Amino acid sequence: MADRVTVIGWDGSPLTRAATAALSGATLVAGAAHHLALPEVPHGAERIRLGSVDLAARRIAGHRGSAVVLADGDPGFFGVVRTLRAPEHGLEVEVVPAVSSVATAFARAGMPWEDAQTVVAHPRTLRRAVNVCRAHHKVAVLTSPGAGPAELALLLEGVHRTFVICEELGTDREQVTVVTSDAAADHVWRDPNVVIVIGQGPEQRAEGAWIAGRHPAYPQGVRGWALPADAYPGAGRDAATGAGGGSGEGETPGLRAAQLAHLGPRAGDLLWDIGSGSGALAVEAARFGAAVLAVDRDPDACARTTAAARAFGVQLQVVQGQAPHALERLPEPDVVRIGGGGAPVVTAVADRRPERIVTHASTRDEAEALGAALTENGYTVACSLLQSVELDTTAWSERERNVVFLLSALRSDLAP
């Protein structure tokens, strides 16, 4: 095993004294081509082009002498330090950090970034990275070949974003370009790059912030989930039927809480809310960090959902259209809530193979029909009869009663 392993971050600035000292005594140096060309790399040292970090780690583990690994930016932030320290390699490392590429990108853009999300986009994780860009106002994307600015833009079709594309940071070829997301798809961008993705609307204020990440602008005094219907603009619309007036069964806080619990929306997911009504469920799913597509045939419902999203400071996309036809061009969902439309909508959704689907019915016959459609399309179905009774606490008398069948479906290949 190497006597000493030092990982040095490089951001284009002159190397620090500690980095220079580590390099001067190195008998093995691993890094990209531009790292190995640095004049501080000893002429007699063994050199390894850093393609696979796992392969390099095995070479380093078998080396007798002092090894240095050079990496762009801060190697402890989505970098090589984690791989080198993995149990299968058994390497203990010393780290000489540099400014991360994310910090450099925001500095070049002149923007604060304590409220930003950071994601890594590989071809296998690109869709989830795009969903984070849908859900959040400010996201830094560390790209890779095949998952760069053009690919991000193509998957964000229909969602307007501003891209700040920082190419080859720290090198003589560094370039920063600001474009709209629809224009980014028509250009070839140089690797490596960092993309800052900025959502619509004013930048969220983070005064007094104490934790990094998203700072949603919740209305004054709001706390908790499954909020009362009147917490949302335009409350009282039935998401299942599209009718106005009263609190329809698709809008009750108890049913909404159960639906969200079964769906489990999270960062990186895309949730379809079909029959969004007042937008209550769509907004609460977005507050969990999921990307949300809210679909409703009624323009007034779409306007209410947009207003609710604005009031709670969340990013979501509203699509006006009649399901199932409106679903044909939508990006692939992870989880879906169906507020109405019967078996044809259930079947159309099941054809897109989301992990989980929830829907509800007002009668047992309707519940059986929906359950059969889900089962026939490869889902394992559970059904519960939910009853909630709202009481007037001045007289402790019944004010309103709601009874509904809740169906929760898990794709059969994922079922235990």
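The values are calculated or read from the model by the stated rules, or taken from the named source; none is laboratory data. Fair warning: this is a prediction, and the values are worked out from it, not measured in the lab. With ideal geometry, Cβ positions are generated from the backbone for all residues, glycine too; neighbour counts draw on all protein chains shown. Just so you know, the surface numbers come from the protein's heavy atoms only, side chains and all, with ligands and any DNA or RNA stripped out. Shrake-Rupley method; radii C 1.70, N 1.55, O 1.52, S 1.80 Å.
Observations
- Charging the Cβ of each Asp and Glu at -1 and of each Lys and Arg at +1, and nothing else, the dipole of the chain about its Cα centre rounds to 800 debye.
- Helix 364-376 vs. the chain, principal-axis angle (Cα, 0 to 90°, nearest 10): 30
- Cβ-defined net charge surrounding Val29, 9 Å radius [Lys, Arg +1; Asp, Glu -1]: 0
- Estimated 222 nm signal from helices in the chain, with DSSP H stretches of n ≥ 4 weighted -39500 (n - 2.57), rounded to 500: -7500 deg cm²/dmol
- Relative contact order [Cα under 8 Å, 6+ residues apart], the chain, whole percent: 10
- Hz values of 3J(HN,Hα) by residue in segment 76-90 - Karplus curve (6.51, -1.76, 1.60), Gly and Pro given as x: x, 10, 6, x, 7, 4, 4, 5, 5, 7, 4, x, 5, 9, x
- The chain, accessible area per residue, ligands and nucleic acids excluded (1.4 Å, Å²): 47
- Built amide H within the under 5 Å cut-off of Arg161, gap 5+: Ser181, Asp182
- Accessible area of the chain belonging to carbon and sulfur atoms, whole % at 1.4 Å probe: 52
- Tail beyond 20 Å, pair distance distribution of segment 335-416 (Cα, percent): 37
- Highest average packing first - 170-177, 326-333, Cβ atoms within 10 Å: 326-333, 170-177
- Ranked order, Trp272, Trp10 - accessible area, probe 1.4 Å, largest first: Trp10, Trp272
- Nearest-ten-degree value, helix 299-312 long axis tilted from longest Cα axis of the chain: 50
- Residue with peak Gaussian network fluctuation, the chain [Cα springs, cutoff 10 Å], from Leu23, Leu316, Leu370: Leu23
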